[in-house]
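Heads up: the structure comes next, in structure tokens.
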Amino acid sequence: MNPFTYERASDASAAIELAKGNAAARYLGGGTNLVDLMRETVERPDMLVDVTGLPRGIEPRADGGLLIGAAATNTALAADSHVRRHYPLLARAILAGASAQIRNMATVGGNILQRTRCRYFYDNAAACNKRQPGAGCDARDGFNRYHAILGASPACVATHPSDMCVALAALDATVHLDGPTGPRSIALAELHRLPGDRPDIETELKPGELITAVELPPLPFARRSTYRKVRDRASYAFALVSVAAALDIDDGGVVRNVRLALGGVAHKPWRASAAEAALKGRPANAESFRAAAEAELAAATGLRDNAFKIELAKRTIVAVLGELTGDDA
Ligand code: SF4
């Protein structure tokens with residue numbers, strides 16, 4: 001591990017001032033990913049700015065939405081009564097991730113900015129364009145069971161590891177930022193980038209910017225929502241495929257509205273817009289669900305070890321939507 005200095009910021013302004021102009025500074029939340037990356041010398045900051053003192057409140061808004069402080073822990077968010085009642089898919093997504101000990105430490109801001117768990121990214125002896133631009137990608141012809149089937153590029157086939165972000169993408173969350181050029185907001189769905197030819201640039205964050213809060217808009221039909229994660233073992237494993245879904249069905253059994261996002265399939269949380277468009281106005285039945293899944297996965301491509309995820313994603317979409325209609329046989 002490289003030498004670094006440690007500073008503790010009392011608020012966002014202090015954190016931004018401490019890191020200002022230092023490309024080798026990193027904001028530190030719970031450290032559950034960053035410290036691992038530092039141990040492997042994949043990340044080599046010369047300064048850590050501890051931002052766990054930033055707001056951690058989880059506050060219902062007058063409009064029915066929710067404002068979540070960036071330093072709120074994953075455990076606190078999953079246990080929050082408003083989240084459990086109004087956004088159950090979010091609570092379930094968080095509880096599907098990591099271990100209780102890690103959720104106790106991990107912050108909402110840090111969860112959003114965690115980096116891929118591609119094994120070659122953590123292995124300094126491997127070729128990895130994300131760690132070293134232009135080096136190549138050992139995952140393409142290597143072990144790629146957990147890698148992307150949507151939106152990948154020749155440069156990188158990694159996936160984003162967060163479960164929480166999949167639910168946030170489905171919920172149209174907004175991420176509030178602050179930085180040297182002032183505060184701004186960005187849709188969660190637009191915060192993470194696809195790899196293209198620069199997989200080392202993972203988000204739309206500008207230098208020195210910091211996540212200060214996440215805001216959920218009101219979504220009454222999200223009371224009928226869930227999150228399902230398919231993985232190689234029952235706990236403490238990353239997703240092969242995951243699905244976050246909320247479903248609004250009218251009295252005639254027709255889909256009035258739907259939110260759908262996928263995890264484990266792309267370099268970013270994958271909002272399933274094609275499936276949503278295919279479902280609206282259609283009968284809420286297995287045939288419509290399968291057609292929507294086919295539409296979403298039409299552009300999917302597989303690698304040596306992960307082609308099975310294309311069919312797995314389709315079946316998981318159908319199963320989750322079936323569960324939300326009360327027909328999950
Ligand atoms: Fe690196 Fe991406 Fe290739 Fe993994 S998939 S080795 S992160 S370039």
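The values are calculated or read from the model by the stated rules, or taken from the named source; none is laboratory data. If you're wondering where the values come from, they're calculated on a predicted model, not measured in any experiment. Ideal geometry is used to build each Cβ from the backbone, glycine not excepted, and the neighbour counts take in all protein chains shown. Surface accessibility is based on the protein's heavy atoms, side chains included, excluding ligands, DNA and RNA. Shrake-Rupley method; radii C 1.70, N 1.55, O 1.52, S 1.80 Å.
Key figures
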| read-out | value |
| --- | --- |
| Computed E for Asp197/Arg8 - FRET, C-beta separation, R0 51 angstrom, nearest 0.05 | 0.85 |
| Reachable aspartates and glutamates from Lys229, criterion Cα separation under 12 angstrom, eight or more residues apart if same chain | Asp163 |
| Under 29 Å from Lys206, Cα to Cα: lysines that are on another chain or at least 8 residues apart | Lys20, Lys130, Lys268 |
| Cα-based shape type of the range 1-142, given that a ≥ b ≥ c are square roots of the gyration tensor eigenvalues and the cut on a/c is 1.5 | oblate |
| Cα gyration tensor shape of the range 119-240, rounded if a/c is under 1.5, else prolate or oblate by comparing a/b with b/c | oblate |
| Spacing of the two label points (7 Å from each Cα toward its C-beta) at Asn104 and Asp250, in nm | 5.0 |
| In order through the range 2-7: 3J(HN,Hα) via Karplus (6.51 cos²θ - 1.76 cosθ + 1.60), integer Hz, x for Gly, Pro | 7, x, 8, 9, 10, 10 |
| Backbone HN-Hα couplings from phi across the range 256-268 [Karplus 6.51/-1.76/1.60, Hz, Gly and Pro as x] | 8, 7, 7, 10, 8, 9, 10, x, x, 10, 8, 5, 9 |
| Cα→Cβ-extended label distance, 7 Å offset, between Ala127 and Phe221, nm | 4.8 |
| Charged-residue dipole, Cβ positions (Lys, Arg, Asp, Glu), the range 176-284 about Cα centre, Debye nearest 20 | 420 |
| Prolate/oblate/rounded label for the range 225-325 (Cα gyration tensor, a/c 1.5) | prolate |
| Cα-only radius of gyration and Dmax that characterise the chain, units Å | 19.5, 64 |
| The chain, helix-only ellipticity at 222 nm - DSSP H runs n ≥ 4, -39,500 (n - 2.57), divided by all residues, nearest 500 | -7500 deg cm²/dmol |
| Local electrostatic count, Asn124, Cβ distance below 9 Å [Lys/Arg +1, Asp/Glu -1] | -1 |
| Whole-Å distance, taken between Cα centres, linking the range 241-292 and the range 183-208 | 25 |
| Modelled FRET efficiency - R0 56 Å, Arg145 with Arg84, Cβ distances, 0.05 increments | 0.95 |
| Local net charge near Leu48, Cβ-Cβ under 12 Å (Lys/Arg +1, Asp/Glu -1) | -1 |
| Angle in degrees between helix 286-297 and the longest Cα principal axis of the chain, rounded to the nearest 10 | 30 |
| Simple Cβ-charge dipole of the chain, Lys/Arg +1 and Asp/Glu -1, about Cα centre, in debye nearest 20 | 480 |
| Estimated dipole of the range 111-196 in Debye, rounded to 20 [Cβ of Lys and Arg +1, of Asp and Glu -1, Cα centre] | 220 |
| Normalised contact order of the chain, rounded percent, pairs of Cα under 8 Å and 6 or more residues apart | 17 |
| 0 to 90° range, to nearest 10: angle between helix 308-324 axis and the chain longest Cα axis | 60 |
| For the range 140-248, with +1 on Lys and Arg beta carbons and -1 on Asp and Glu, the positive-most of Ser235, Thr181, Ala167 along the dipole | Ser235 |
| Projected label distance in nm at Thr181 and Ala234, using a 7 Å step from Cα toward the beta-carbon | 5.0 |
| Within the accessible area of the range 225-325 (1.4 Å probe), percent carbon and sulfur | 50 |
| Calculated FRET value between Met1 and Lys206, using beta carbons and R₀ = 22 Å, to 0.05 | 0.20 |
